[in-house]
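Report on the structure given below.
The values are calculated or read from the model by the stated rules, or taken from the named source; none is laboratory data. Just so it is clear, the structure is predicted and the values come from calculations on it, not from any experiment. Note that we place each Cβ from the backbone using ideal geometry, even for glycine, and neighbour counts take in every protein chain shown. Just so you know, the surface numbers come from the protein's heavy atoms only, side chains and all, with ligands and any DNA or RNA stripped out. Shrake-Rupley method; radii C 1.70, N 1.55, O 1.52, S 1.80 Å.
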Amino acid sequence: MGDHKHIVVYGEIIEGQLGAMTKELLGGGRGLADVLGEDLVAVFIGDGIGETAREAYAFGADRVYAMDIPGAYEANLYAGGLANILEHEQPRYFLFGHDDQGADLGPALAFKLNVAAATDCVELSVEEGTKRLLVTKPVYGALVMAKFSTDDLPQIVTVRPKSMIAPDPVDRTGEVRSLDAGSTALNGRVKVLEKIVEESEGIKLEDAELIVSGGRGIGDAEGFKKLAEVARELKGAMGASRVACDNEWVPATIQVGITGKIVAPRIYIAVGISGASQHMSGCSRSKTIIAINKDPRAAIFKQAQYGVVGDWKIVLPVLMDKLKALD
Amino acid sequence: MNIIVCVKQIADPEAPEESFTLDSEKNVFIPSAKITKVLNPFDEQAVEAALRIKDQSGAKVTAFSLGAGLDRAVTKKPVFMGADELILLEDEAFADGDSWSTARALAEGIKKNGSYDLILCGRQAADWNAGQVGLGIANFLGLPYVTVAKKIEIIDGKARVERVTSNGHEVVEVQLPAVITVSNELGQARYPAIKNIRAANKVQPVVWKPSDIGIDPSSVGKNGRRLHLLKLFKPVIQGTCEIMEGESTEEMAENLALTLRRAKIL
């Protein structure tokens, strides 16, 4: 096992551009590669992606591979394809984003290679001497953090969005090596028939600078309409806690939290949200958290910088009017 | 149609933080005796997904659970909901496993049980949050998989799955047998029905130890772990909240506007 070297990052191209998660992985991976004095490698799978994949050099990659697989992402096919990279690289660490694709592919590849995977990690560091990767992740609904490692190589890890810093691109490029997809026994047993976008219009939650998010305290779908108006006026996006989504007051695509979206806006306004750790884990990297809640003991006030103890139905309109008056 | 559902018992994830004690010497997070054991909510939704298929077109639903000292009342919940059989991989040796050792043991148990068309798991467990066991079972049994399902329909020997994605969903068709993991978007799981109770009371769980499924006890549970827990610790929560003052809610709201404007936040 002594021959494992370098760090491989699974890259994604989204709407013709290098994905935000991919840039974050390249940033985090570059740091680890520098500690080890080893290379950072990016591998992409998709349909005619060579040129865009090349951009990974600008974000810190030392080598870039692309595998042409036509059609939509399908986990079984991609995991089979990814295993072929091992004919070219025997990585020490293999990093994925913990998102639609990575959370699917990372563990699947690990089982295929007969090694352990650690998922949804927020912190990565190299253990001195052993060069093992130490990973930290929230567990028990983010009430506690757990630090793990493994003696298996490669170490496969999925990284939570927004937990690594995407570097600024530099003027650097190189060749994109093509990889053969090969074929596995599972090819053809799964077919993606349709991809349906349910996302509401306007600013994407993940990209928003300001998020107005509502929870159980909003009470119903009608209440969320008022919240959406406030979000629009503040030029932000609307988010929600899982309770609000499970009650179908709002679509599941705007859920913030461990099983929803991980966000880190400049301003996060939590309205009628109790602040359960599962939710906070999805927004705790926001720069400023503002809480509006009737219950003075709500956990949200432990993590917010500004708070109002009161009924949001009164607070929000007054807040908006006053802000306008101050303009 | 034979459906297997894998369910995990966990300490109630809705229990307040104060009901857990962190022992950082032994690296364990211990729920107080008052905290009840429940089925992992995502697994309960996997049971619901199986029962919806059973309601629609008929199926035999077998629930699998793995652990040590399982709470018998909790293990029976899938049966009270409408599952037909219950198999427990239960032994001290199964305790404290990781995704790898758990998936391996479940796969062996499922093989021993015989024929299967569909294997369902929750998308992840609310305690360790790994989301790997379903993928592991698929790998060990050589089956295709689809994760994070919110709807499953069986059509001509295939499952048509709506898979939740970050911006909507995708419709995926998978040949059976296959492994599918289920997400909360599936909707509320049913409550145990009175009409099931008499039949369910007759169902006796089958209990298998590692030797019964042909695995050495040294490769399950804690001993079979590949991912080693080095440290458990409380996250640092910073935040000194400035609570707005005022005689009335309106005044507090105005003060919030003034404060945020002064701090150049809004």
Problem - Conditions (1) open to solvent by 10 Å² or more (accessible area, probe 1.4 Å); (2) within 8 Å of another protein chain (Cβ to nearest Cβ); (3) in contact (Cβ under 8 Å) with a residue 24 or more places away in the chain; number of the one not met by B:Ser166 - result: (3)
Practice task
Filter region A:228-252 for residues that are modelled with pLDDT of 95 or more and under 13 Å from A:Glu199 (Cβ atoms) and give the result.
Solution key: A:Ala237, A:Met238, A:Gly239, A:Val250
Exercise for the section: Residue by residue through region A:289-314, note down the ones that are out of contact with any Phe, Trp or Tyr (no Cβ under 7 Å at 6 or more places or on another chain) and either under 15 Å from B:Leu266 (Cα atoms) or in a loop (DSSP other than H, G, I, E, B) (or both). Expected result: A:Lys294, A:Asp295, A:Pro296, A:Arg297, A:Ala298, A:Ala299, A:Ala304, A:Gln305, A:Tyr306, A:Gly310, A:Asp311
Problem - Tabulated pairs, region B:1-29, first loosely packed, with under 15 Cβ neighbours inside 10 Å, second modelled with pLDDT under 95 and assigned to a strand (DSSP E or B), C-beta under 6 angstrom, 6+ apart or interchain - result: B:Thr21/B:Ile30
Practice task
Scan region B:80-102 and give yes if some residue there is under 17 Å from the mean Cα position of the chain (by Cα), open to solvent by 10 Å² or more (accessible area, probe 1.4 Å) and of a type in the set (S, T, N, Q), otherwise no.
Solution key: yes
Exercise for the section: Inspect all residues belonging to region A:89-107 and state whether any of them is surrounded by fewer than 18 Cβ atoms within 10 Å (Cβ to Cβ) and over 11 Å from A:Val157 (Cβ atoms). Expected result: yes
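I'm trying to understand the selection: among the residues of region A:9-63, which are in a helix (DSSP H, G or I) and open to solvent by 50 Å² or more (accessible area, probe 1.4 Å)? I'd like the intermediate steps shown before the answer.
In the first step, residues of region A:9-63 are kept if they are in a helix (DSSP H, G or I); the result is A:20-36, A:50-57.
Correct list: A:Ala20, A:Lys23, A:Arg30, A:Asp34, A:Val35, A:Glu51, A:Arg54, A:Glu55.
Any idea how many residues of region A:160-181 are within 14 Å of chain B (Cβ to nearest Cβ) and either modelled with pLDDT under 95 or in contact with a helix residue (DSSP H, G or I) (Cβ under 9 Å, 6 or more places away or on another chain) (or both)?
3
Keeping to region A:276-285, report how many residues are open to solvent by 10 Å² or more (accessible area, probe 1.4 Å) and assigned to a loop (DSSP other than H, G, I, E, B). Steps first, please.
Restricting attention to region A:276-285, the residues satisfying the condition of being open to solvent by 10 Å² or more (accessible area, probe 1.4 Å) are A:276-279, A:281, A:284-285.
Now drop any that are not assigned to a loop (DSSP other than H, G, I, E, B), which leaves A:276, A:281, A:284-285.
Residues meeting the conditions: 4.
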Problem - Whichever residue in region B:169-184 is under 14 Å from the mean Cα position of the chain (by Cα) and facing another protein chain (nearest Cβ under 8 Å) and, among such residues, is surrounded by the fewest Cβ atoms within 10 Å (Cβ to Cβ) - result: B:Ser183
Practice task
Just give me the residues in region A:138-159 being without any contact (Cβ under 8 Å) to a residue 24 or more places away in the chain and more than 7 Å from chain B (Cβ to nearest Cβ), in sequence order.
Solution key: A:Asp151
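Please list, ordered by residue number, the strands (runs of 3 or more DSSP E) wholly in region B:1-102 having 3 or more residues that are in contact with a helix residue (DSSP H, G or I) (Cβ under 8 Å, 6 or more places away or on another chain). It would help to see each step written out before you state the result.
Numbers: elements: B:2-7, B:9-11, B:20-23, B:28-31, B:37-39, B:60-67, B:85-90.
Passing ranges, in order: B:2-7, B:37-39, B:60-67, B:85-90.
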Completion exercise
Taking region B:198-243 and the residues there that are of a type in the set (Val, Ile, Thr) and in contact (Cβ under 8 Å) with a residue 24 or more places away in the chain, the one that is surrounded by the most Cβ atoms within 10 Å (Cβ to Cβ) would be B:Val220
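Among the residues of region A:109-137, how many are polar (S, T, N, Q), facing chain B (nearest Cβ under 8 Å) and in a loop (DSSP other than H, G, I, E, B)?
Kept after step one, since they are polar (S, T, N, Q), are these residues of region A:109-137: A:114, A:119, A:125, A:130, A:136.
Filter once more, so that each one left must be facing chain B (nearest Cβ under 8 Å): A:119.
Next cut, in a loop (DSSP other than H, G, I, E, B) only: none.
The number of residues fulfilling the criteria is 0.
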Handout entry: Pairs, first more than 7 Å from chain B (Cβ to nearest Cβ) and touching a residue at least 40 places away in the same chain (Cβ under 8 Å) in region A:308-327, second assigned to a strand (DSSP E or B) and polar (S, T, N, Q), C-beta under 9 Å, six or more apart
Key = A:Trp312/A:Asn293
Practice task
Hey, can you tell me all the residues within region B:225-257 that are more than 7 Å from every other protein chain (Cβ to nearest Cβ) and farther than 15 Å from A:Thr288 by Cβ?
Solution key: B:Arg225, B:Val236, B:Glu245, B:Gly246, B:Glu247, B:Ser248, B:Glu251, B:Asn255
